[in-house]
Amino acid sequence: MSNDILTALAEVLEQRKQSSADSSYVASLHAKGLNKILEKVGEESTETIIAAKDAKLSGDTKELVGETADLWFHSLVMLSHLDLGPDAVLDELARRFGLSGLEEKASRNTKG
């Protein structure tokens, strides 16, 4: 089910990419360019971090879930702007699955 939602959202994001910036928030982000999209990803990341700290103190995770959804959404817009979709990230996560975090990190350090 989760992959279906990501796939459906990616399709909508691609369609909105071609829309008028006056009629679509996603199109307006694309029209403003990558730097504006990255600014939104950074803003949502900060808001997610704050919401996580607040959730730890209060025990209420509603805001954290909402901010994480905003972060994921804007990350998907970023990927779309660079002609990538959620499958690229899901494939990378699948590749890493079963590796310990230390092994995976070491494999990245030996590349390049």
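In the full protein context, the chain carries 70 Å² of accessible surface per residue, based on a 1.4 Å probe and ignoring ligands, DNA and RNA. Place a label point 7 angstrom from the Cα of ILE5 along the Cα-to-Cβ direction, then list the residues of segment 69-91 whose backbone nitrogen is under 16 Å away. Inside the label zone: 69-77, 86-87, 90. A value for Rg and Dmax of the Cα atoms in Å was derived from the coordinates, and within the list (i) 16.6, 51; (ii) 13.5, 39; (iii) 16.4, 47 it appears as (iii). Each 10 Å bin from 0 upward holds the following percent of the Cα-Cα pairs of segment 53-112: 19, 27, 37, 16, 1.
Among the chymotrypsin sites (Phe, Trp or Tyr not before Pro) within segment 3-112, which fall in a DSSP loop and have no more than 11 other Cβ atoms within 10 Å of their own Cβ? Before the final figure, lay out each step's value.
Working: sites: TYR25, TRP72, PHE73, PHE97; in loops: PHE97.
Listed in order of number, the matching sites are PHE97.
Considering only ALA88, LEU102, GLY66, the residue lying farthest towards the positive end of the dipole of segment 56-111 is LEU102, judged by Cα position with unit charges set on Cβ. Label-to-label distance, ARG108 versus SER19, with points set 7 angstrom from Cα along the beta-carbon direction: 3.3 nm. Which percent of the accessible heavy-atom area of segment 29-93 goes to carbon and sulfur, probe 1.4 angstrom? Answer for segment 29-93: carbon and sulfur cover 60 percent of the accessible area.
The values are calculated or read from the model by the stated rules, or taken from the named source; none is laboratory data. These numbers were taken from a predicted model, which means no experiment stands behind them. Glycine gets a Cβ as well: all are built from the backbone with ideal geometry, and neighbour counts include every protein chain shown. SASA here: full protein model, heavy atoms, side chains in, ligands and nucleic acids out. Shrake-Rupley method; radii C 1.70, N 1.55, O 1.52, S 1.80 Å.
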